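**Student:** Supplied in structure tokens, the structure appears directly below.
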Amino acid sequence: MSAHVAVLMGGRSAERQVSLTSGRDCATALRVAGYQVSEIDAGDDLVDRLVALKPDVVFNALHGRWGEDGCVQGLLEWLQLPYTHSGVRASAMAMDKPSSLEVFRSHGIPCPEGSLTTVAAVNARDPLERPYVVKPPNEGSTFGVRIVRSGDNNPPISPDWQFGDQVLAERYIPGRELTVAVMDGKALGVTDIRTVDGFYDYDAKYAEGGSRHIVPAPVHKEIYAQALDLSERAHRALGCRGVSRTDFRYDDTGGEPGRLYMLEINTQPGMTPTSLVPELAAHCGIDFPSLVQWMVEDAGCAR
Ligand SMILES: Nc1ncnc2c1ncn2[C@@H]1O[C@H](COP(=O)(O)OP(=O)(O)O)[C@@H](O)[C@H]1O
Ligand SMILES: [Mg+2]
């Protein structure tokens, strides 16, 4: 009999809609790969549903808080259900940008200069010379990310900010947007993401025609190799499992080769067939059903 896979999707985070799309697409591909599949929209009854279904493996297609930050991973450890992607610690560290950036820096990985501060402090006085970027310490999909430019008159953080008191302020890195997928500890390739105004915001990420992906990224070959190496090191430094995706800014404004800066590692990257990780896997000859099948085979628990 084929293995029974429960696909977790939706959930409570700001990235609920994105996760529903990832989850449905993964469920379809898993059926193509021959698995028995149950789709679960992760709500208050999640534990009861998992206990009743008794799946062999949980495919975690959640994004954002609760699903990407170690919470659901801890629950699955407790239930002893093998699950895809990273474990509790790596997920929690990756979701908390100040923590993961600290680890990256301690491993010699270049990141933008920046610090954790508060909404009140930023609005009282610029924490860095403009332009700089403010972002919530633990969101995704560019929610809350704002570029503060010289000449902006409004307070850097507007009253409708919904992400708590803490703010990560970073030097704005001009140039290009690169991303790297890592699968089984090996980097698959580098994508150059082209957007209309150079800011990879929510619409650029998900709206039709919002961005263009160039694979392999047409950058200096030293930079290409460096991006692969830094991504594998970041994946290892946090102890990630399965697939991850690392986002970079590449400052080539002074000519090539320029300088790479790691922004973050995503332990639950987007998983529609046209998302960045599946696209890089396809570039390496791994089609979408084969990718999700590998992820299920790679699933595990700490105990
Ligand atoms: N320091 C920075 N300099 C320039 N652009 C940035 C910087 N930080 C974030 N951005 C822009 O905002 C996007 C989202 O930021 P990121 O740190 O990756 O958070 P998220 O978890 O929301 O994806 C980036 O892809 C990039 O376009
Ligand atoms: Mg990002």
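For (1) under 18 Å from Ala94 (Cβ atoms); (2) in contact with a strand residue (DSSP E or B) (Cβ under 8 Å, 6 or more places away or on another chain), each residue gets a yes or a no:
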| site | (1), (2) |
| --- | --- |
| Tyr202 | no, no |
| Tyr206 | no, no |
| Ala237 | yes, no |
| Asp251 | no, yes |
| Arg259 | no, yes |
| Leu276 | yes, yes |
| His283 | no, yes |
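**Student:** Within the stretch 144-162, which residues are over 15 Å from Ala121 (Cβ atoms) and of a type outside the set (Asp, Glu)?
**Tutor:** Of everything in the stretch 144-162, those that are over 15 Å from Ala121 (Cβ atoms) and of a type outside the set (Asp, Glu) turn out to be Gly144, Val145, Arg146, Ile147, Arg149, Ser150, Gly151, Asn153, Asn154, Ser158, Pro159, Gln162.
**Student:** Could I ask something else about it? Among the residues of the stretch 146-185, which ones are away from ligand 1 (no atom under 14 Å from the Cβ), surrounded by 13 or more Cβ atoms within 10 Å (Cβ to Cβ) and within 29 Å of Leu291 (Cβ to Cβ)?
**Tutor:** Selection gives Ala181, Val182, Met183.
**Student:** Among residues belonging to the stretch 114-127 that are touching an Asp or Glu at 6+ places or on another chain (Cβ under 7 Å) and not polar (S, T, N, Q), point out the one that is nearest to ligand 2 (Cβ to nearest atom).
**Tutor:** Gly114
**Student:** Grab the strands (runs of 3 or more DSSP E) fully contained in the stretch 147-243, keeping just those with 2 or more residues being over 17 Å from the mean Cα position of the chain (by Cα) and not small (Gly, Ala, Ser).
**Tutor:** In the stretch 147-243, the matching strands (runs of 3 or more DSSP E) lie at 166-171, 186-195, 211-214.
**Student:** Then there's this: Quick one: is Val167 in contact (Cβ under 8 Å) with a residue 12 or more places away in the chain and assigned by TED's automatic domain parsing to the domain that holds Ala121?
**Tutor:** On the way: in contact (Cβ under 8 Å) with a residue 12 or more places away in the chain: yes; assigned by TED's automatic domain parsing to the domain that holds Ala121: yes.
In short, yes.
**Student:** Are there any pairs with C-beta distances below 9 angstrom linking a residue in the stretch 131-158 that is on the phi > 0 side of the Ramachandran plot to a residue that is charged (D, E, K, R) and more than 16 Å from ligand 2 (Cβ to nearest atom), with the two at least 6 apart or on different chains, and if so which?
**Tutor:** Between residues of the stretch 131-158 that are on the phi > 0 side of the Ramachandran plot and residues that are charged (D, E, K, R) and more than 16 Å from ligand 2 (Cβ to nearest atom), the close pairs are Gly151/Arg130.
**Student:** Report whether or not Arg233 is surrounded by fewer than 19 Cβ atoms within 10 Å (Cβ to Cβ) and modelled with pLDDT of 95 or more. Lay out the reasoning, then the answer.
**Tutor:** Details: surrounded by fewer than 19 Cβ atoms within 10 Å (Cβ to Cβ): yes; modelled with pLDDT of 95 or more: yes.
So Arg233 fits the description; yes.
**Student:** Go through (1) crowded, with 21+ Cβ neighbours inside 10 Å; (2) within 15 Å of ligand 1 (Cβ to nearest atom) and name the single condition Leu188 misses.
**Tutor:** Tallying (1) crowded, with 21+ Cβ neighbours inside 10 Å; (2) within 15 Å of ligand 1 (Cβ to nearest atom), Leu188 fails exactly one: (2).
**Student:** Can you pull out the residues in the stretch 97-120 that are of a type outside the set (A, V, I, L, M, F, W, C) and surrounded by fewer than 19 Cβ atoms within 10 Å (Cβ to Cβ)?
**Tutor:** Scanning the stretch 97-120 gives Pro98, Ser99, Glu102, Arg105, Ser106, His107, Gly108, Pro110, Glu113, Ser115, Thr117, Thr118.
The values are calculated or read from the model by the stated rules, or taken from the named source; none is laboratory data. For clarity, every value in this text was computed on a predicted model and none was experimentally measured. Cβ coordinates were reconstructed from backbone atoms using ideal geometry, including for glycine residues, and neighbour counts include every protein chain displayed.
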